[in-house]
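Student: What follows is a single structure, and I will ask about it in a moment.
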Amino acid sequence: MGSDTALVAPVRVGDGAMIGSGSVITRDVAAGALALERSPQVEKPGWAERFREAKRAKRAQAPAAE
């Protein structure tokens, strides 16, 4: 099993199977097989600034701690 691998239960990994580093395995892996999982990168323009602004607005509305 490669480093930074995650198994999302319930899955079975067969005898002698190998899993590539960084994979997130969500289905059973057959004995002797190589399992690889890589998702394409997704970019959402403007998302981070909208997220930060929503957090700032929520903090501004919260009552002051005593």
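Student: Could you check the range 1-54 and list, in sequence order, the residues that are at pLDDT below 95 and of a type in the set (D, E, K, R)?
Tutor: D4, E37, R38
Student: I'm trying to understand the selection: among the residues of the range 30-46, which are under 19 Å from the mean Cα position of the chain (by Cα) and surrounded by 10 or more Cβ atoms within 10 Å (Cβ to Cβ)? First the steps, then the outcome.
Tutor: Pass one, the range 30-46, residues under 19 Å from the mean Cα position of the chain (by Cα): 35-44.
Scanning the range 30-46 gives A35, L36, E37.
Student: Now a separate question. State whether the residues of the range 40-53 include one that is among the basic types (K, R) and in a helix (DSSP H, G or I).
Tutor: Start the filter on the range 40-53 by keeping residues that are among the basic types (K, R), which leaves 44, 50, 52.
Okay, now just the ones that are also in a helix (DSSP H, G or I), so 50, 52.
Among the residues of the range 40-53, at least one is among the basic types (K, R) and in a helix (DSSP H, G or I), which makes the answer yes.
Student: Same structure again: Could you tell me whether the range 17-26 includes any residue that is assigned to a loop (DSSP other than H, G, I, E, B), under 23 Å from the mean Cα position of the chain (by Cα), surrounded by fewer than 10 Cβ atoms within 10 Å (Cβ to Cβ) and not hydroxyl-bearing (S, T, Y)?
Tutor: Taking the range 17-26 and keeping what is assigned to a loop (DSSP other than H, G, I, E, B), we get 17, 20-23, 26.
Next, from what is left, pick out any that are under 23 Å from the mean Cα position of the chain (by Cα): 17, 20-23, 26.
Imposing the further condition that a residue be surrounded by fewer than 10 Cβ atoms within 10 Å (Cβ to Cβ) reduces the set to none.
So far as the range 17-26 goes, no, none of its residues is assigned to a loop (DSSP other than H, G, I, E, B), under 23 Å from the mean Cα position of the chain (by Cα), surrounded by fewer than 10 Cβ atoms within 10 Å (Cβ to Cβ) and not hydroxyl-bearing (S, T, Y).
The values are calculated or read from the model by the stated rules, or taken from the named source; none is laboratory data. This one's a predicted model, so the numbers in the text were calculated from it and none came from an experiment. Positions of Cβ are backbone-derived with ideal geometry, glycine not excepted, and every protein chain shown enters the neighbour counts.
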